[in-house]
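The values are calculated or read from the model by the stated rules, or taken from the named source; none is laboratory data. On a predicted model such as this, the values are computed, not experimentally measured, just so you know. Here the Cβ positions follow ideal geometry from the backbone for every residue, glycine too, while neighbour counts run over all protein chains shown.
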Amino acid sequence: MTAAELATVDHVAALERKLVDLDAKLDRVLASLPSQWISLADAAERMGCDPRTITAAIVRGEIVGRRVGRRWLVDAASLRPAAAEQVSRFAREARR
């Protein structure tokens, strides 16, 4: 490798470390926010999926939710952008 290529590799590695650090900081900030409980329908609308998909994610522990009587409430802070594998799973579940 040339010196320029090594410098580029080092630069990319430094950027990756910074992204990991920023992601950890974001997780800490989100964890410190007070809970805002929203309805299951509102959570599904925000995520662009069926309410049953949100309920399934709550059961799997991917989203924070609680039952109040017969209604599900969802912690809005636990609604995060879906990772690629979650998008695939949401699509499969939506087709059912």
Out of curiosity, is Arg60 farther than 13 Å from Ser39 by Cβ, at pLDDT below 70 and surrounded by fewer than 16 Cβ atoms within 10 Å (Cβ to Cβ)?
no
Kindly check whether there is at least one residue in the stretch 27-38 that is of a type in the set (A, V, I, L, M) and at pLDDT 90 or above.
yes
Pairs, first under 23 Å from Ile63 (Cβ atoms) in the stretch 12-34, second part of a helix (DSSP H, G or I), C-beta under 7 Å, six or more apart
Leu30/Ala77; Leu33/Ala77
Considering Glu93, Glu5, Glu45, which residue is at pLDDT 85 or above and out of contact with any strand residue (DSSP E or B) (no Cβ under 7 Å at 6 or more places or on another chain)?
Glu45
Run down Arg28, Arg46, Arg67 and say which single residue is surrounded by 12 or more Cβ atoms within 10 Å (Cβ to Cβ) and not hydrophobic (A, V, I, L, M, F, W, C).
Arg46
Can you say whether Ala4 is of a type outside the set (Phe, Trp, Tyr), loosely packed, with under 11 Cβ neighbours inside 10 Å and within 21 Å of Ala57 (Cα to Cα), as far as the supplied structure shows?
no
